[in-house]
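The values are calculated or read from the model by the stated rules, or taken from the named source; none is laboratory data. On a predicted model such as this, the values are computed, not experimentally measured, just so you know. Cβ coordinates were reconstructed from backbone atoms using ideal geometry, including for glycine residues, and neighbour counts include every protein chain displayed. To get the accessible areas, we keep the full protein, side chains included, count just its heavy atoms, and leave off ligands, DNA and RNA. Shrake-Rupley method; radii C 1.70, N 1.55, O 1.52, S 1.80 Å.
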Amino acid sequence: MVSLIFKTKNQHAFLYNALGAFAQNEINLSKIESYMPEGRFVPAQFYVEIESHPDRDEYKKAIKQLEKYSDSVSILGVYKAHSYRRL
């Protein structure tokens, strides 16, 4: 499992394309949350948890695609998934 935060560029359909990076690389999102930094009306940031590992080629491709549509991408952590998940 990987937790990360990203902020899309303020362009038409960039959130759609950013999330599409995971779909195109067959990576499941187990959680997504949006929030406005500091409570201001500015482009939202998104917290996501994905079912993947940084060593996988699909993960590397997805992050590279995500970066094209984002002003920032921050990996918060990588951790072992609970045994009930099938990766």
task = Heavy atoms only, probe 1.4 Å: what % of the accessible area of the range 1-75 goes to carbon and sulfur, would you let me know?
result = 47 percent
key: Over the chain: helical MRE at 222 nm, DSSP H runs n ≥ 4 each giving -39500 (n - 2.57), nearest 500   = -8000 deg cm²/dmol
query = Just the accessible area for Glu67, please: 1.4 Å probe, Å², rounded to the nearest 10?
reply = 100 Å²
remark   = Note to self: with every protein chain in place and a 1.4 Å probe, the chain gives an accessible area per residue in Å² of 67 Å²
ask   = Largest first, how would Lys64, Lys80, Lys7, Lys31 line up by accessible area (1.4 Å probe)?
value = Lys80, Lys64, Lys31, Lys7
inquiry  = Taking 0.36 nm per residue of sequence separation and subtracting the Cα-Cα distance, how much length would be gained by fully extending the chain between His82 and Gln11, in nm to one decimal?
reply    = 21.9 nm
inquiry  = To the nearest 20 Debye, how big is the dipole of the chain about its Cα centre, given +1 on the beta carbon of each Lys and Arg and -1 on that of each Asp and Glu?
reply    = 40 debye
remark   = The correct ranking of Ile32, Ile50 by accessible area at 1.4 Å, largest first, is Ile32, Ile50
note = Between the residues Ile63, His53, Ile32, the Cα farthest towards the positive end of the dipole of the range 12-87, that dipole coming from +1 and -1 charges on the beta-carbon of Lys, Arg, Asp and Glu, is from His53
note = Relative to the chain, whose Cα atoms define the longest principal axis, helix 57-68 and its Cα axis are tilted in degrees, nearest 10, by 0 degrees
